[in-house]
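Please read the structure below before turning to the comments.
Read-outs throughout are calculated quantities, based only on the coordinates presented, and are distinct from any laboratory measurement. Just so it is clear, the structure is predicted and the values come from calculations on it, not from any experiment. All Cβ positions, even for glycine, are placed from backbone atoms using ideal geometry, and neighbour counts span all protein chains on display.
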C-alpha cells in the first residue's frame, strides 16, 4: 500500500494526531569537561540530529544568544547548555566534522545563531527541507513534515519557554530532544520513500477544495 503524503498539510488536522515524543535517554551537559566526553561519543555515531533553542525576546529589536544545542542519536540526546559552556573547542570539532552525517531543519538559521558565539566552518550537514521538497512537500516546518510523513504531532508548546532558566524542566528537555531526534526520523523516512518510490503525492489546489493526485511508485 502506497504511503500518502501531501504537498500542503492541513494545520487543522494536526491537533487530533497522537503525540510523537523522544523516548530515549536525555543528558544535560553543563561543563566543558562533560562536553568533551559527549562529543567523543557523538563522533563515533553514523548519524546525528541537530537543533538549537534560544530564549525568546518580547522586546522589538532585541535578540538573545542561542542558549541550547541539542544533538541526538536515535536513542540518546545531549542537551548542551551553551549559556553555561559557550561554544567549546570540542563542540566546534563536532560542528566542523566531515565524517558523521548531521541532519537539521532550516539549519542555516541555526548556523547563523551559533556563529554569533564563535566562528567555525560548517561540516557535513544535510537540511531535510531540501529533501522534503524533492518529494513535492511544500509545508516545510518540522511539525508539518513530521505529521505528513508519520501521522503524529510534535508539540510546540515549549518553544517560547525560557531556555536560559537555571534548570530546564522535564517538558523543555523532552521538547528539545524530540526536535533533534525527529530530524533523523524524517531524514530516514524521506530516503526510504525516495529509494522505494512507495508513496503517492496528493497536490491540493490553493484556491479550490480540489486535489489532483500524482502517484509515485
In degrees, nearest ten, helix 170-196 long axis to first principal axis of the chain (Cα): 50 degrees
Region 1-111 - percent relative contact order, Cα under 8 Å, separation 6 or more: 31 percent
Sites residue 196 and residue 17, calculated FRET efficiency, Cβ-Cβ separation with R0 35 Å, nearest 0.05: 0.90
GNM top mover of 131, 115, 64 - the chain, alpha-carbon springs below 10 Å: 64
Beta bridges by DSSP in region 65-137, antiparallel share as percent, to the nearest 5: 60 percent
Tilt relative to the chain, helix 32-42 - C-alpha long axis, 0 to 90 degrees, to 10: 40 degrees
Relative contact order (%) - the chain, alpha-carbon pairs under 8 angstrom, separation at least six: 31 percent
Ascending count of other beta-carbon atoms within 10 Å, so fewest first, for 189, 134, 164, 53: 134, 164, 189, 53
Calculated on alpha-carbon atoms, Rg and Dmax of region 60-145 in Å: 14.2, 41
FRET efficiency estimate (nearest 0.05) - Cβ-Cβ, residue 75 to residue 96, R0 22 angstrom: 0.30
Among 61, 86, 49, residue whose mean-square fluctuation peaks in a GNM of the chain (springs only between Cα atoms under 10 Å): 61
Gained length - residue 89 relative to residue 203, 0.36 nm times residue gap less alpha-carbon distance: 36.4 nm
Prolate/oblate/rounded label for region 90-130 (Cα gyration tensor, a/c 1.5): oblate
Burial order of peptide ranges 143-153, 193-203 (average beta-carbon count within 10 Å, highest first): 143-153, 193-203
Evaluated over region 101-158, the Cα radius of gyration and Dmax, each in Å: 13.4, 39
Counting DSSP beta bridges with both ends in the chain, the antiparallel % (nearest 5): 50 percent
Computed helical MRE - 222 nm, the chain, DSSP H runs ≥ 4 contributing -39500 (n - 2.57), nearest 500: -10500 deg cm²/dmol
Extension reserve of the residue 159-residue 138 stretch, reckoned as 0.36 nm per residue once the Cα distance is removed: 5.3 nm
